[in-house]
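The values are calculated or read from the model by the stated rules, or taken from the named source; none is laboratory data. Keep in mind the model is a prediction, meaning the values are calculated, not measured. Methodologically, a virtual Cβ is constructed for each residue, glycine included, from the backbone with ideal geometry; neighbour enumeration extends over all protein chains shown. Note: accessible area is taken over every heavy atom of the protein model, side chains too, but ligands, DNA and RNA are not part of it. Shrake-Rupley method; radii C 1.70, N 1.55, O 1.52, S 1.80 Å.
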Amino acid sequence: MSTNQPEPTAAAGGDGVPDTRRLRAILIAVSVALMAVIASVSGLNVAQTHMAVAFDASQGTVLWIINIYTLALAALLLPLGAIGDRLGRKPMLIAGLGVFAAASVAAGLAPTAEVMLAARVAAGVGAAMIMPITLAVITATFPEAQRGKAIGVWTGVAGGGGILGMFLSALLVDVADWRWLFVLPVVLSVVALAMTLKSVPDSREKSAHRFDTVGALVSVVAVVGLIFVLQEGPEHGWTAPATVIGLAVGGIAALGFVAWELRRRDASLLDVRLFRERGLAGGSLTLLVVFGVQAGIAVVLFPFFQAVLGWSGLLSTLALMPMAVMMMTASGLAPGLAARIGSRATMAVGIAVAGIGLALMALFVSATGGYPTVLPGMLAMGIGMGLSMTPSTEAITGSLPREKQGVASALNDVTREFGTALGVALLGALLSAGYRSAIADRLTGIPQGPADTAREGIANAVEVADDTGPHAPDLLHAARQSFVDAWQQAMWAGAAVLGALFLYIALRGPQTQAPTAVHEPETPDTVTTR
């Protein structure tokens with residue numbers, strides 16, 4: 001195992017560490033690169049209708065255009081993170097930004113759905129080259145005293161960047177054309193590329209072992225299978241043949257990956273034995289749950305803003321900004337709090353505050369009260385998520401040795417992607433089931449056709465209401481109240497999950513702010529260049 005410390009240069013302080021000005025430039029560069037990737041995860045959600053019309057595509061095809069990016073990104077994070085550790089983090093980041101920018105240009109100009117799908121796959125590959133390296137650069141470059149604050153900024157961008165990207169995307173769709181959505185990631189990629197070339201130092205790790213090719217390939221199969229199930233299950237049913245096959249393939253591959261990595265031990269892609277440690281287990285579980293709840297909240301909030309309150313997509317996205325601001329602010333404050341009260345206590349406080357936020361939304365949400373009934377809960381959620389994400393990320397990166405920081409960063413990112421997919425699938429399914437159950441007894445007197453349509457979802461009810469004549473007010477009232485009832489069930493379920501997580505972290509969470517595995521004495525195994 002080894003450490004990374006840049007060798008003395010003109011831009012470095014006397015101890016060989018880059019000076020404050022250069023560290024700031026490095027942090028801005030990787031944050032902008034991360035923002036490009038995160039914004040592309042959620043940006044296309046606001047243009048589903050436009051793409052369906054432009055490509056004469058089915059809803060299934062449109063969803064694949066959106067989801068295939070996430071699928072490629074999640075599947076390749078671990079292998080490409082490990083390759084970046086070996087070949088050099090700066091070259092990997094530069095190559096990833098180039099691939100990502102070119103793919104985004106191709107997507108913006110795509111004449112057909114098939115070209116768009118290919119471009120989105122390529123963008124996912126580029127994103128997988130970028131995302132783990134951005135965090136690995138921080139852990140490899142920043143001195144221990146400043147690393148926590150830098151990770152706080154990174155987690156703030158990772159958590160709030162999706163909401164900010166969605167808002168900017170909605171704004172572009174409203175004022176221009178949906179194809180302009182790809183201007184944002186291209187601009188961010190170009191800016192990040194210029195700053196990377198100028199400011200980011202290179203670092204790479206020498207290894208006595210060959211690259212774990214088998215482990216890398218099996219991990220790709222496992223992630224593709226499991227993410228596919230979470231994406232397709234809600235759409236086509238959990239018992240559909242494709243869903244069952246995906247679950248079987250993903251599950252078998254995941255078990256095979258664990259068995260293979262245990263066999264490889266120190267030569268493994270990811271030493272799964274490290275999950276016995278509190279830091280890695282607690283940090284991973286916290287990110288899985290927190291990002292799952294965050295994604296599930298978005299599934300609930302958007303229909304509430306648009307179908308219940310009647311807001312536009314742009315206004316609905318703007319309404320999420322206070323939560324994103326609180327999340328990013330709390331992420332920056334979390335390292336200081338962790339230094340005073342410890343990582344475990346900080347994570348527990350964040351989880352508790354997030355749980356309180358869900359409870360507030362469940363207690364006070366109202367179709368007639370509107371936005372003020374959910375704003376306090378959203379603010380608490382943002383604060384809680386921000387406080388819990390930063391120490392969780394530090395716990396993960398601190399649990400793996402420095403030569404594995406690309407893998408540590410990739411594991412952090414894979415956990416986030418799994419959590420997001422899991423939250424959307426489970427809370428989305430709970431919301432849908434709760435809505436159908438609640439509206440069943442509220443459609444008395446509504447014509448059979450519109451009533452059947454209304455049972456499919458609140459957006460369907462709003463769309464069909466105009467065709468019901470004098471029954472429209474009753475139908476809309478029934479749908480909106482049923483949605484609120486389902487909302488409360490989903491929020492209480494999320495609060496219960498966070499409550500269980502709180503107990504786990506309070507009892508088994510990481511005990512130190514920065515585990516010793518990251519801070520070993522420097523050895524010749526690390527190669528760092530300016």
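Structure notes:
- Qualifying residue in the range 255-265 (condition: of a type in the set (A, V, I, L, M) and surrounded by 19 or more Cβ atoms within 10 Å (Cβ to Cβ)): no
- Odd one out for V464, checked against (1) free of Cβ contacts under 8 Å to residues at least 24 places away in the same chain; (2) surrounded by fewer than 20 Cβ atoms within 10 Å (Cβ to Cβ): (2)
- Summed over the range 2-35, residues that are of a type in the set (S, T, Y) and modelled with pLDDT of 90 or more total 1.
- Selection of the range 236-254 for residues being open to solvent by less than 20 Å² (accessible area, probe 1.4 Å) and among the polar types (S, T, N, Q) yields only T243.
- Whether a residue is among the polar types (S, T, N, Q), open to solvent by less than 10 Å² (accessible area, probe 1.4 Å) and at pLDDT 80 or above was assessed, and S482 passes this test.
- Selection status of F291, assigned to a helix (DSSP H, G or I), touching a helix residue (DSSP H, G or I) at 6+ places or on another chain (Cβ under 6 Å) and either open to solvent by 50 Å² or more (accessible area, probe 1.4 Å) or farther than 12 Å from T415 by Cβ (or both): no
- For the range 65-119, a residue qualifies if it is among the β-branched types (V, I, T) and without any contact (Cβ under 8 Å) to a residue 12 or more places away in the chain, and exactly one does: V115.
- Of L197, L172, all but one fail to be assigned to a helix (DSSP H, G or I) and over 25 Å from T49 (Cβ atoms); the exception is L197.
- Taken across the range 444-456, residues that are closer than 20 Å to A493 by Cα and touching a helix residue (DSSP H, G or I) at 6+ places or on another chain (Cβ under 8 Å) do not occur at all.
- Residue in the range 328-339 that is within 28 Å of F305 (Cβ to Cβ) and touching a Pro at 6+ places or on another chain (Cβ under 9 Å) present: no
- Pairs linking a residue in the range 249-266 that is over 13 Å from V224 (Cβ atoms) to a residue that is exposed (fewer than 15 other Cβ atoms within 10 Å of the Cβ) and modelled with pLDDT under 95, with Cβ atoms under 8 Å and 6 or more positions apart or on different chains, are L262/R273; R265/R273; D266/H209.
- Residue within the range 254-264 that is farther than 18 Å from A82 by Cβ, within 21 Å of the chain's Cα centre (by Cα) and small (G, A, S) present: no
- Residue match in the range 212-235 (condition: surrounded by fewer than 19 Cβ atoms within 10 Å (Cβ to Cβ), outside any helix (DSSP H, G or I) and within 24 Å of the chain's Cα centre (by Cα)): no
- Within the range 486-499, residues that are of a type outside the set (S, T, Y) reach partners that are not in a helix (DSSP H, G or I) with beta carbons closer than 7 Å, at six or more positions or on different chains, in the pairs W487/V365; Q488/V365.
- Residue within the range 312-328 that is on the phi > 0 side of the Ramachandran plot and not in a helix (DSSP H, G or I) present: no
- Verdict on G246 being on the phi < 0 side of the Ramachandran plot and touching a residue at least 24 places away in the same chain (Cβ under 8 Å): no
- Conditions (1) open to solvent by 10 Å² or more (accessible area, probe 1.4 Å); (2) modelled with pLDDT under 90: number failed by A95: (2)
- Every listed requirement among (1) under 30 Å from V462 (Cβ atoms); (2) in a helix (DSSP H, G or I); (3) open to solvent by less than 50 Å² (accessible area, probe 1.4 Å) is met by Q306 save one, (3).
- Selection count where residues are within 12 Å of the chain's Cα centre (by Cα) and open to solvent by 20 Å² or more (accessible area, probe 1.4 Å), scope the range 278-288: 1
One line per residue, one yes/no per condition, for (1) within 22 Å of L503 (Cβ to Cβ); (2) open to solvent by 10 Å² or more (accessible area, probe 1.4 Å):
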residue	(1), (2)
L315	no, yes
L333	no, yes
A339	no, yes
G357	yes, no
A380	yes, yes
T393	yes, no
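- Of residues in the range 34-64 being open to solvent by 50 Å² or more (accessible area, probe 1.4 Å) and among the polar types (S, T, N, Q), the one farthest from A170 (Cα to Cα): S58
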